[in-house]
Amino acid sequence: MVEALDNIRTVLSSIDIHDTFGELRGKMEYFSTENCDVVTVQREGLLDLLYQNAKDCAIDLRFGIKVTGYWESEEGAGILLENGDKVAADCVVAADGVHSRARDIITGEEPVPHETGAAVYRSHFAADTVAGEPDAKWILESVGETDTVKVYFGRNASLMLGTLGKGKYVHWALPHRDVEGLAEAWLQPADALCALEYIRDWPVGKKLIAVLSRTPPGSCWNHLLISRRPLSTWVSKGGRMIVIGDAAHPMPPNLGQGANQAIEDAAVLAICLELSGKGDIPLGLRVMEKLRHKRVSMVQNASIDVMEKVLRADWDADQTEARPNHIPHPAWVLRHDCIKHTYEEFQTVANSYRNGREYIPTNAPFNGVFDCGDDVFKSAGKSS
């Protein structure tokens, strides 16, 4: 989706970033571990909340309209629509997904898709489905108090299984390596019973199958996992167009950061435009990129690397380190306050850009290595 805002200052003045995210958090079901709050929410629920918030702010939303072109000048930027209309704006923000058509036009880059050689079964359904099954109701042990997410590893597959809404829903995802005949579209119906074959011989297989086998018909999908390595830039040469979210940094779901990083993009971008003002939109976009690019690129690369390590693990090796035993949750990723950080760092980044000096990001490890040492779940005494 591409949003072309005719008056950025007017739109941003109607949205208080702190209140908006606080409101969203207040409406989400979440679970806590000691020293670590993790918000869990159904994707459709998040979309509903964001959509309603946009409507409440009187933002002009248009659906079912095809964008056929992009343009920019020193004074502005805009889009061309299939019906011939030309929409002018202060800038263009392209968030049109992993298969972005805007990416090449805006950045001049179109990286080759990273062949993951992997796919994933996904499902979520009402917890009532398993509540009456003695062998399956273990997944609901903490109903009404917290949600749980458990991760299991095995040969050629892994499984994430948990609850949402403090036990209102059960969700599971099973990445695997059998990709023959699959496409990338998310909503490819699948038989959940086929997924059970990957875990049947696991030591905990019987326990897990008791839950997965209750997946209602029509509630399971199976599709390819795709990703790309990082772009070198997200901003156009003229500084009036930018790609964000999956259009800028598509990543597999192994770290659970695809949607998270896209939401951080949106918040940081909004603040940068607020602080740069209508008179210097290109500065706002370029500061946003400098604040986000290194951080997100590290997460993007790590998501691919973790996926490959899990699915290609040498389970016959004598060394235990050759076998995966957890999904990393480093504090610098999960405990980062992107809103506070942007307000604090904006002027420093803006000054470095104006003066042609290098800016060293402070929201990611300095050495560029995805540091997993300070894992928020381990430090809280919880398993992932």
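The values are calculated or read from the model by the stated rules, or taken from the named source; none is laboratory data. Since the model is a prediction, treat every value here as computed from it, not as a measurement. All Cβ positions, glycine included, derive from the backbone under ideal geometry; neighbour counts span all protein chains shown. Surface areas here come from the heavy atoms of the whole protein model, side chains and all, with no ligands, DNA or RNA. Shrake-Rupley method; radii C 1.70, N 1.55, O 1.52, S 1.80 Å.
Checking LEU208, LEU193 one by one, the residue that is in a helix (DSSP H, G or I) and open to solvent by 40 Å² or more (accessible area, probe 1.4 Å) is LEU193 and no other.
Residue check, GLY162 against (1) part of a helix (DSSP H, G or I); (2) of a type outside the set (D, E, K, R); (3) open to solvent by less than 70 Å² (accessible area, probe 1.4 Å), all met but one. Which one? Only one criterion is unmet by GLY162, namely (1).
Can you pull out every residue in segment 264-323 that is open to solvent by 50 Å² or more (accessible area, probe 1.4 Å), without any contact (Cβ under 8 Å) to a residue 12 or more places away in the chain and either part of a helix (DSSP H, G or I) or under 14 Å from ALA350 (Cα atoms) (or both)? Passing the criteria: GLY279, ASP280, THR320, GLU321. Is it the case that LYS168 is more than 20 Å from the chain's Cα centre (by Cα), of a type in the set (Lys, Arg) and either open to solvent by 40 Å² or more (accessible area, probe 1.4 Å) or farther than 17 Å from ILE199 by Cβ (or both)? Yes, satisfied. Based on this model, can you work out whether VAL67 counts as among the hydrophobic types (A, V, I, L, M, F, W, C) and either closer than 21 Å to LYS206 by Cα or crowded, with 17+ Cβ neighbours inside 10 Å (or both)? In short, yes.
For segment 231-246, the set of residues classified as charged (D, E, K, R) and open to solvent by less than 40 Å² (accessible area, probe 1.4 Å) consists of ARG240 only.
Could you tell me whether ARG228 is open to solvent by 10 Å² or more (accessible area, probe 1.4 Å) and more than 17 Å from the chain's Cα centre (by Cα)? So ARG228 does not fit the description; no.
Selection of segment 207-255 for residues being of a type in the set (Val, Ile, Thr) and touching a helix residue (DSSP H, G or I) at 6+ places or on another chain (Cβ under 8 Å) yields ILE209, VAL211, THR215, THR233, VAL235, ILE242, VAL243, ILE244. Among the candidates HIS249, HIS326, single out the residue that is outside any helix (DSSP H, G or I) and open to solvent by less than 10 Å² (accessible area, probe 1.4 Å). When all the criteria are applied, what remains is HIS249. GLU72 - would you say it is at pLDDT 90 or above, among the charged types (D, E, K, R) and open to solvent by less than 80 Å² (accessible area, probe 1.4 Å)? So GLU72 fits the description; yes. Filtered by the rule that a residue be of a type outside the set (S, T, N, Q) and open to solvent by less than 70 Å² (accessible area, probe 1.4 Å), segment 335-345 gives HIS336, CYS338, ILE339, HIS341, GLU345.
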